[in-house]
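The values are calculated or read from the model by the stated rules, or taken from the named source; none is laboratory data. Since the model is a prediction, treat every value here as computed from it, not as a measurement. Don't worry about glycine lacking a Cβ; one is built from the backbone with ideal geometry, like all the others, and counts go over all protein chains shown.
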DNA sequence: GTTTGTGAACCACTTCACAGCC
DNA sequence: GGCTGTGAAGTGGTTCACAAAC
């Protein structure tokens, strides 16, 4: 319950706990044990307890955790008590999917600006928001107080886009571009790389020859 | 150079090294040092050397690594010397984006089947492939020798879809559904969760108040 | 002189196991 | 008796630093 500094590994699991807790609340449960949370999140109970202990001593021995209270504490820790303004740069298939993704708004992430340099896309409206050229990124992102930028452009322009986002005051970037991005100190960067994910799957599949063969050979 | 068992952390970086190496090859470089690879991949040179040493002793002291040779070795280790047949389940915005993603085919991942239960989508063709109802998953995935399944459905049906994929002989699953999935031993599961990524960004942003304030206050 | 490959030291995270509190 | 919170032990990964090879 030192409470100062939550390990990265813990932070990465908090959203999962939050989701499980919200589901438990919807089922009408008032309290939940670390055992139950572990089961729902697919992890080990000791880990749940240690993770939660980094936020504070919010459990009750012999009882468990109060669901509503813990939901509030995790939301607060994650910074979800405020809404976040998001800009999506690049409205190809993926960018459009992201712009329209319902899970964002439901969790307090609101897409407020869309950018693309394809003349065929500029001016179009997606989910009620007009697509603007990236030349306007600096002014528009600042004006709309964008805090989070999502990069869904081809790799070649991703670094320029990231630079423009940083210049516009954006301090958090989520990139889907298949390239390494460099951002200044203090800007948080996370990356999702689809073909990298598939290549990792490929590795693991290739190294399970017996199982793969078993399954291929099993009856219809 | 023990070569047996490559750590997970190393496997996760191999695709990045591979990409950097291919780019170096395109620039006409015949050899590359761990220092250079580290710079391109945004990591530390000692880590590159240790990672590569898990595959074998493929470098030359005083010289570096032969680019073409290392590309081949990493490809082989990742199982990319064969093509992989991929099925995408759920052709909403995200599923369509994935089905059309050029980066997959370029790396040997070919989408060979699409599934969705929305009657408005069944029968439509996307990238030349007809969307079929998930009831046909078992037969069609087996028939087309699908090895990798991508789950891009709502959370509610994701577990059923995963079960159906496993039953059809799929041994690797990449899920975009915002829920915990359970798969039997021997099936590899990876997960990409968009709102979780944003929540992690939110945490880091919230815990940099001074920097956020600085940037908001800066001129221009 | 240059750069790899790798023991050794270090660090972060996980898991165990149990004291402490309900 | 049940369940949390946490020191201590264990595990896996990173970084250092240098001998070996070119």
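The table below gives the values:
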| item | result |
| --- | --- |
| Test for residue B:6: is it within 13 Å of DNA strand D (Cβ to nearest atom), over 27 Å from residue A:156 (Cα atoms) and outside any helix (DSSP H, G or I) | yes |
| Subset of the range B:81-101 [surrounded by fewer than 23 Cβ atoms within 10 Å (Cβ to Cβ) and over 21 Å from residue B:153 (Cα atoms)] | B:81, B:82, B:83 |
| Any hit, the range A:50-59, residues being more than 9 Å from chain B (Cβ to nearest Cβ), touching a strand residue (DSSP E or B) at 6+ places or on another chain (Cβ under 9 Å) and closer than 11 Å to residue A:21 by Cβ | yes |
| Looking only at the range A:16-46, and only at residues there that are within 21 Å of the chain's Cα centre (by Cα) and within 14 Å of DNA strand C (Cβ to nearest atom), the one that is nearest to the other protein chains (Cβ to nearest Cβ) | A:42 |
| Single unsatisfied condition, residue B:53 versus (1) touching a helix residue (DSSP H, G or I) at 6+ places or on another chain (Cβ under 9 Å); (2) within 16 Å of DNA strand D (Cβ to nearest atom) | (1) |
| Checking residue A:186 against (1) within 16 Å of residue A:136 (Cβ to Cβ); (2) modelled with pLDDT under 95, the condition it does not meet | (1) |
| Hey, residue A:59 touching a residue at least 12 places away in the same chain (Cβ under 8 Å) and within 11 Å of DNA strand C (Cβ to nearest atom) or not | yes |
| Matching residues in the range A:56-80 - criterion: being within 7 Å of DNA strand D (Cβ to nearest atom) and surrounded by 13 or more Cβ atoms within 10 Å (Cβ to Cβ) | A:58, A:59, A:64, A:65 |
| Top-ranked residue of the range A:62-89 - restricted to ones that are over 15 Å from the mean Cα position of the chain (by Cα) and free of Cβ contacts under 8 Å to residues at least 12 places away in the same chain, ranked as farthest from DNA strand C (Cβ to nearest atom) | A:81 |
| Qualifying residue in the range A:146-161 (condition: within 19 Å of the chain's Cα centre (by Cα) and at the interface with chain B (Cβ under 8 Å from one of its Cβ atoms)) | yes |
| Residues (more than 29 Å from residue A:30 (Cβ to Cβ), more than 11 Å from chain B (Cβ to nearest Cβ) and out of contact with any helix residue (DSSP H, G or I) (no Cβ under 7 Å at 6 or more places or on another chain)) located in the range A:66-109 | A:85, A:90 |
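Per-residue answers, yes or no, for (1) at pLDDT below 95; (2) at positive phi; (3) within 8 Å of another protein chain (Cβ to nearest Cβ):
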site	(1), (2), (3)
B:191	no, no, no
B:198	no, no, yes
B:203	no, no, yes
B:207	yes, no, yes
B:210	yes, no, no
B:213	yes, no, no
B:216	yes, no, yes
